[in-house]
Every structure is written in structure tokens, then in C-alpha cells.
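Shown next, in C-alpha cells, is the structure this report addresses.
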Amino acid sequence: MRDEFVRVCLWVYVITSLILFLSMGYAYYVNARKPAGDPQKRDYHPLAFSLLPFWPPALVISLFLFALRALVYGAFLVLFTLVLIVIRKPLPLLLLAKAAKYIGDRLLRLNTQIVRWFLPLPTPQTAYSPS
């Protein structure tokens, strides 16, 4: 059963790679035949074909991450709505404001320190007054 699944996955990978390779080759061929002054002509690097084996897994991973993000967003939306209905006090909003202030304060302190490392404060100079 597992060997059959792996075999089917590999065949799907090979077929997808072949379709992508043919479409990339056709696009490269059409682009190469365009005249030099054509504004739609692109400067594709010939080694761009070497990235082809990474696209089918990247496509699967990106679709999986999109679905995961959609599920997490939906769950957050439902849970946040339920919390606002069940708890009448705006406790989540107060906690969110407190966390935002804490994080913002830390970042401002850190950024101020970094700026002072590279741009130190000017030393106050006393005005010269001839007596």
C-alpha cells in the first residue's frame, strides 16, 4: 500500500515536472524569437531551468500553508467572536493593548539604543563669550 502511494506520488511529480518543463521551454522559445526592440521581450537566464525540480514540492507546500492559514484564521475568527459574546468585559482587548504597549516599548528602547550606538548624541558645547 505504501509502495503504491510512493509510486503514484513519484509519477505525479514526474508528470507535473514534465508539464512545467515543456511550458517553460515554450515560453523561452517564444521569447527568444521576439525582436530585440520588443518591449515584451524578457531577459531569461538559461539556468532558470535548473530550478524546475523544486517547483512541484514548493507548489504543494504553498497550497498546504495557504489551507493551514485559512483554517487558523477561521478558528481565530470564531473563537474571538465567541469570547466577545461570552465575556462582556473587553478583557481580550485590554490584554491585547497591554501586550502591544509592552512589545512596542521594548522595541522603541532597543531601536533607540541601536541608533545611539551609530549616531551618538551631540555633546553640548558652551558658547564662547569673549570677555
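Considering Tyr29, Tyr13, Tyr73, which residue is part of a helix (DSSP H, G or I), surrounded by fewer than 10 Cβ atoms within 10 Å (Cβ to Cβ) and at pLDDT 85 or above?
On the way: Tyr13 fails: surrounded by fewer than 10 Cβ atoms within 10 Å (Cβ to Cβ); Tyr73 fails: surrounded by fewer than 10 Cβ atoms within 10 Å (Cβ to Cβ).
None of the other options fit; the residue is Tyr29.
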Practice problem: Look at Ile61 and say whether it is of a type in the set (Val, Ile, Thr), more than 30 Å from Tyr13 (Cβ to Cβ) and free of Cβ contacts under 8 Å to residues at least 40 places away in the same chain. | Solution: no
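The values are calculated or read from the model by the stated rules, or taken from the named source; none is laboratory data. Since the structure is predicted, the reported quantities are computational estimates derived from the model, not experimental observations. Cβ: placed from backbone, ideal geometry, glycine included. Neighbour counts: every protein chain shown.
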